[in-house]
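The structure appears right after this line, and notes come after that.
The values are calculated or read from the model by the stated rules, or taken from the named source; none is laboratory data. Remember, it's a predicted structure, so these values are computed and weren't measured experimentally. Neighbour counts run over all protein chains shown; Cβ positions are idealised from the backbone, glycine included. Surface accessibility is based on the protein's heavy atoms, side chains included, excluding ligands, DNA and RNA. Shrake-Rupley method; radii C 1.70, N 1.55, O 1.52, S 1.80 Å.
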Amino acid sequence: MSRPLELYDTWERRLRPFAPLTPGGPVGLYTCGPTVYDYQHIGNFRTFLFEDLLKRVLRWNGHDVVHVMNITDVGHLVSDADEGEDKIEKGARRTGKTAWEVAAFYTEAFVEDAKRLGIEPPTVLCKATDHIAEQVAFIADIERNGFAYTTTDGVYFDTSKLDDYGYLARLDVAGLEAGHRVGLGEKRRATDFALWKFSPAGEARQMEWDSPWGRGFPGWHIECSAMAQKYLGDYFDIHCGGEDHIPVHHTNEIAQTEGRLANHPAVPRERRRLANFWMHGYFLLANDAKMAKSAGEFLRLASLDDRGYDPLAYRYLCLTAHYRSQLNFTWGALDAAATGLERMRQGFRALPDAGAAPDPALLDRFAGEINDDLNLPRALAVAWETMRGDLAPAVRRATLARFDEVFGLGLAAWVPKAVDAPATVTSIADARFAARMSKQWAEADRLRAELHAAGWEIEDRADGYALRRRQEKPA
Ligand SMILES: [Zn+2]
């Protein structure tokens, strides 16, 4: 019996045993998606990779997962203090496209990049602009319970009405208040936040809707509360995001749900925090600083393509650090990950696919690591031990294939890429192919040895061959 799954819950600041709220039922998982005004950088993708690994670990443990991810295509303002321009509208101005075109373009780019990183698509991918009615209804419930007030520029959540506002982040609300006595405008408290913003008078917005309070657009936080509630209910299993979401975005999602359910006699207080588990992925650092669009180092998947890296090398790199530790990105670290991935692929490919069963003891050890709050670095170490161990090759392959259901490196599907070899090498390979076709096996073997001596390996295909530079055997 392997170790049962334990996950770190930010709400309780400790590891807790995980069990679905509905015994035997699917796990409800909500993950905050991208704001689609630009490409996602590889730091954003570290979070999405963590969430993909979480899903795979849940499935390893026999749970079906209903995964909902939002696309923020309206309402995310440049400043977290509900000020500044809408990021999408700003993107539209920058590119000369419409806000809708900007959102559609970057949504597609996100979906494509995620796919190349081996990230499985969510069960539901929902756009904020498709759920305006749900958000308006949610705000109306909050207002009815007395948790909202209206100013000249919008409808705001009154955080003073909650005695535990900011608990998730352990916010020092009094301290925040003291630091923000000026510059609040009509906001009553520094921590109050916009539920609905009115379109600025005399300013043309491309995305705006009518509401009971006036024409405008929803605040950023309400979309997640409204869509999570629509697809997963008032209280579901796990809510995830990047660590930067803890003090504002997730804190406010929870406040909104508490406000909406405040007078609900059937919902106990402890089930008003939206999710049973709150989980957060730590940042990717570049040169020891947070990777952000505003910082100098903005790397996206295409930046890795430009340097010839396989996207899955980045996935492998993320497996080497626990999701609750910061990972410092360097090209040297990516090189090491690319080498590790290449060796794992070649090592796996060299093992015969003979329909063997995985080794139960190794599966158990592997489960022990992934169930320890997703300890993928140690799970990876178990995989390497398996690769280099002395089990029958077919058993090693079957065991590694099972591990790869969690790693998501696509080991079984991998084929070596054809590489450009010099003409002297391809002519030997051509001669060898001809020898094979005429069944001159001894000659074919001699030519293989010749290629080997020249530093190349050849792989036979039904209709030809593939060449690749000879690699050192894994140490
Ligand atoms: Zn969110």
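Values as computed for the structure displayed
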quantity	calculated
Percent antiparallel among DSSP beta bridges (both partners in the chain, rounded to 5)	50 percent
Calculated FRET efficiency for the pair residue 12/residue 459, C-beta based, R₀ 56 Å, to 0.05	0.60
Cα gyration tensor category, rounded, prolate or oblate, for segment 364-413 with a/c compared to 1.5	oblate
Mean separation of Cα contacts under 8 Å, 6 or more apart, over the residue count of segment 330-407: relative contact order %	41 percent
Mean accessible surface per residue for the chain, computed with a 1.4 Å probe while every protein chain stays in place, in Å²	44 Å²
Relative contact order %, the chain, counting alpha carbon pairs below 8 Å whose residues are six or more apart	17 percent
Computed [θ] at 222 nm, deg cm²/dmol, the chain (DSSP H ≥ 4; -39,500 (n - 2.57); rounded to nearest 500)	-12500 deg cm²/dmol
Leading residue at positive end of dipole, segment 279-389 (Cβ point charges), from 321, 302, 370	302
Theoretical FRET efficiency, 1/(1+(r/R0)^6), r = Cβ-Cβ of residue 85 and residue 287, R0 35 Å, to 0.05	0.75
Selected from 409, 383, 103, residue furthest toward positive end of dipole (the chain; charges at beta carbon)	383
Stretchable slack from residue 3 to residue 164, in nm (0.36 nm times residue separation minus alpha-carbon distance)	54.5 nm
Gain on full stretching of the segment that runs from residue 111 to residue 94 - 0.36 nm per residue minus C-alpha separation	3.9 nm
Column: log10 I(q)/I(0), Debye, Cα scatterers of the chain, q = 0.07, 0.08, 0.13 Å⁻¹	-0.45, -0.57, -1.21
For segment 324-362 versus segment 36-105, the gap between their alpha-carbon centres in whole angstrom	29 Å
Difference of contour (0.36 nm per residue) and Cα-Cα distance, residue 392 to residue 354	12.6 nm
FRET efficiency, residue 335 to residue 203 (Cβ-Cβ, R0 41 Å, nearest 0.05)	0.25
Surface accessible to a 1.4 Å probe, residue 32 within the full protein complex, Å²	10 Å²
Rounded if a/c under 1.5, otherwise prolate or oblate - segment 330-407, Cα gyration tensor axes	oblate
Antiparallel DSSP beta bridges within segment 6-285, percent to nearest 5	45 percent
Rounded percent of accessible protein surface that carbon and sulfur make up, the chain, 1.4 Å probe	51 percent
Of the DSSP H helices in the chain, those whose Cα atoms cover at least 24 Å axially and whose Kyte score averages -0.5 or more	42-60, 99-116, 331-349
Cross-link partners of residue 127 among aspartates and glutamates (Cα-Cα below 13 Å; sequence separation of 8 or more within a chain)	73, 108, 223
